[in-house]
Amino acid sequence: MQINLSKTGRLFAGTALAMSLASQVSWATTLPTNANTNTVRGKLTLTHISASQWRADYEFDKAIDGLRFRKIGEYREQAWKPGANLAVAAQDKDKDGDKDSYLSTSGSTTRFSFFIRPYGQFVEGEYAPINQFTDGGAAIYMGFFLPDAILNQQTSKLTLEIHYQGLKDQTVLPPTKRSNAEDSAQAYAYFGPQKVSKAGAMQVVLDPAMPEWMRDMLLSTSAKVSSYFASAYHRPLLTPLLMTVALSDLESKGLSIKGGASHGQINFRISGKQSIIESPTLRDAFNQLIAHEIAHIWQNNLPHDGIGEEAPWIHEGGAEAMSLDALLSSGLWDKEKFNAMQTKRWKECETLSNSGTDLATNYRAHYVCGMKRFDDTKLNIVTIWRALIDESERSGKVYSEQMVREVVARLQHR
Ligand SMILES: [Zn+2]
């Protein structure tokens, strides 16, 4: 059986978008030439207007000329239709990569709208834009709704307050509120007919087409693993945790599980014919993926973000090691399975190393070779991560190569 497991989420992508400044490239006359220090304030209302359509209404405190988003593959091209007073700008890119820019066709204005349709694709290393449920529900990633403003041919930072409006009698679950609106938007908003249910300390929204074995497995694994993390890492969750699981594209061949952790949330999308046929391999894969994403939640269970943008091997390799430990210690896996899964990852790392792959930039190497780096310290992974979480809390800094080196050296010499 071909199992394709991948995490589509860039974890805690942070404020890369808001910080993007135009530079270096020659622009069409109407596109920005440099960054403006003026901040534009605004309001975004995302409204579910019909079974398969949403409308994003942007309003600003001053008239602007257009909006400029970080490009996410073909997402906006295929799923976003600009309102009547907006046109797609010609190709636009700067040192931070490609942009999707939209310019007003009727002079400066304080309002723009977009009509958004379901979209099943995703870009590797990015969050899936929309996870569609079989009952018409959807989880929409809000981090892709944060543009810069284009004003007087310059790029201005746009600060948005976001509101959500569902269809009649629909459940609407906005992302968990954080200290600033931009951080709050780095997560999914759920619109749909399902009510929230409980799994231990977690809240869950599960696709109603899910077979019973899968529902039972998801609920019991989440409850066991999250309570293990709370006790092993001596930290209850600071914010409530929501898990959504969508089944989509069940006609397609094979099986794929895509998931990602974002602020206060874990979101999965399960696709393919074979994804709903029970097997021991599939159970193991599910268990491990859930435990991996829950590990990220604990890595970031701090008043500030613990996970930074650099050295992804730390949080990805860390989450791999933490997940295997959690599955063994909570009794979901026996020692034999634990050893087999650990050896499998070490071998994958060895194969990558032998093939001359650049381990610092390879997506899988972050997971398997990152995990091996923690294993090679011969320290208990819980001991290491308790110390890293404490250190990040004490210093207010994100996890870094230097922090790992210092923490590991201290633990090895005590
Ligand atoms: Zn991960």
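So, in the stretch 301-326, how many residues would count as being within 11 Å of the ligand (Cβ to nearest atom) and within 15 Å of the chain's Cα centre (by Cα)?
Number satisfying all stated conditions: 5.
Enumerate the strands (runs of 3 or more DSSP E) found wholly within the stretch 83-134, keeping only those where 2 or more residues are closer than 28 Å to Asp61 by Cβ and among the hydroxyl-bearing types (Ser, Thr, Tyr).
Of the strands (runs of 3 or more DSSP E) lying wholly inside the stretch 83-134, those with at least 2 residues that are closer than 28 Å to Asp61 by Cβ and among the hydroxyl-bearing types (Ser, Thr, Tyr) span 97-104, 109-116.
Might you let me know whether the stretch 367-381 holds any residue that is within 25 Å of the chain's Cα centre (by Cα) and over 17 Å from Asp325 (Cβ atoms)?
yes
Out of all the residues in the stretch 144-158, which are under 21 Å from the mean Cα position of the chain (by Cα) and among the β-branched types (Val, Ile, Thr)?
Narrowing the stretch 144-158 to residues under 21 Å from the mean Cα position of the chain (by Cα): 144-148.
Once the filter is applied, which keeps residues that are under 21 Å from the mean Cα position of the chain (by Cα) and among the β-branched types (Val, Ile, Thr), the stretch 144-158 yields nothing.
Show the residue pairs meeting these rules: Cβ distance below 6 Å; 6+ apart or different chains; first residue within the stretch 309-320 and under 13 Å from Phe374 (Cβ atoms) and assigned by TED's automatic domain parsing to the domain that holds Asn362; second residue more than 11 Å from the ligand (Cβ to nearest atom) and among the hydroxyl-bearing types (Ser, Thr, Tyr).
Filtered contacts from the stretch 309-320: Ile314/Tyr399.
Report whether or not Ala291 is closer than 27 Å to Ala209 by Cβ, within 16 Å of the ligand (Cβ to nearest atom) and not in a loop (DSSP other than H, G, I, E, B). Full working, then the answer.
Details: closer than 27 Å to Ala209 by Cβ: yes; within 16 Å of the ligand (Cβ to nearest atom): yes; not in a loop (DSSP other than H, G, I, E, B): yes.
Yes, satisfied.
Enumerate the helices (runs of 4 or more DSSP H) found wholly within the stretch 296-405, keeping only those where 2 or more residues are closer than 27 Å to Leu219 by Cβ, small (Gly, Ala, Ser) and out of contact with any Gly (no Cβ under 9 Å at 6 or more places or on another chain).
On the way: elements: 312-329, 335-354, 363-375, 381-395.
Here the list reads 312-329.
Considering only the stretch 268-284, I want to know if a residue exists there that is within 16 Å of the ligand (Cβ to nearest atom) and either within 24 Å of Pro129 (Cα to Cα) or surrounded by fewer than 17 Cβ atoms within 10 Å (Cβ to Cβ) (or both).
Yes, because at least one residue in the stretch 268-284 is within 16 Å of the ligand (Cβ to nearest atom) and either within 24 Å of Pro129 (Cα to Cα) or surrounded by fewer than 17 Cβ atoms within 10 Å (Cβ to Cβ) (or both).
Matching residues to (1) outside the structural domain of Ile116 (by TED's automatic domain parsing); (2) in contact with a Cys (Cβ under 9 Å, 6 or more places away or on another chain); (3) under 23 Å from Glu77 (Cα atoms); (4) surrounded by fewer than 15 Cβ atoms within 10 Å (Cβ to Cβ):
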{"position": "Phe145", "(1), (2), (3), (4)": "no, no, yes, no"}
{"position": "Asn152", "(1), (2), (3), (4)": "no, no, no, yes"}
{"position": "Tyr188", "(1), (2), (3), (4)": "no, no, yes, no"}
{"position": "Ala201", "(1), (2), (3), (4)": "yes, no, no, no"}
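The values are calculated or read from the model by the stated rules, or taken from the named source; none is laboratory data. Owing to the predicted nature of the structure, the values given are computational and were not obtained by experimental measurement. Cβ: placed from backbone, ideal geometry, glycine included. Neighbour counts: every protein chain shown.
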